[in-house]
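No lab work stands behind these numbers, since they all come straight from the coordinates. Small disclaimer: the values here were computed from a predicted structure and weren't measured. Here the Cβ is made from the backbone with ideal geometry for all residues, glycine too, and neighbour counts use every protein chain on show.
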Amino acid sequence: MHTTYRILNKAIEGLLVLIFSLLVLDVVWQVVSRYVVGQSSSFTEEFARFSLIWLTVLGAAYINGQKEGHLSMDFLLSKLPVDKQKRRHRIIQVVMAIFALVIMVIGGGNLVYTTLKLGQLSPALLVPLGYVYAIVPICGLMIIFFSVYHIKITFNANNNEY
């Protein structure tokens, strides 16, 4: 499981770098085409929007995989004894996994299915919107995997920290 965790983290990191690079190139092209060429490209705004959607949702899954990456207020949690801290971490991971399952996997899967079934296309790029939204259930599955991994780590931890 640890090998899968490391491979998945590296793959997400690479994908995030690629998407961010494409987003930067897209925005630079949009500025150049608007102010140097004098005519704005029709696809750049839509591509930037879709890139930002993917970047945000993938980034959320990546941060969930990093145990130190969450923005949290853990002052009171850090005052608990170590065994209770581990229990609270497990509860938090279970809640995140349930959220990812219900909202991202089931709800996102329904969104992808509906948009593909209706044949909705993006106006400028003519990409089926179901492909754009497919990142939501995919990242939901990643979040569930990361939550299970972190729960397993807390059960197997022999030291006093998580």
Which of (i) 18.2, 58; (ii) 15.6, 50; (iii) 19.7, 64 is the computed Rg and Dmax of the Cα atoms in Å? It is (iii)
Read phi for every residue in the stretch 46-60 and hand back ³J(HN,Hα) as whole Hz from Karplus 6.51 cos²θ - 1.76 cosθ + 1.60, θ = phi - 60°, with x for Gly and Pro.
-> 5, 5, 5, 5, 5, 4, 5, 4, 5, 4, 5, 6, 5, x, 5
Residue separation times 0.36 nm, minus the C-alpha to C-alpha distance between Leu18 and Val148: what's the value?
-> 44.1 nm
Rounded to the nearest 0.05, what FRET efficiency do Thr3 and Leu77 have when you use their Cβ-Cβ distance and R0 = 35 Å?
-> 0.70
For the stretch 2-156, compute the number of Lys pairs whose alpha carbons are separated by less than 26 Å, excluding pairs fewer than 8 positions apart on the same chain.
-> 9
Amide proton proximity set for Leu125, modelled H, under 5 Å, gap of 5+ = none
Would you mind getting me the FRET efficiency between Gln39 and Ile92? Use the beta-carbon distance for r and R0 = 41 Å, nearest 0.05.
-> 0.20
Using only Cα atoms, tell me the angle between helix 108-118 and the longest principal axis of the chain; keep it within 0 to 90° and round to the nearest 10.
-> 20
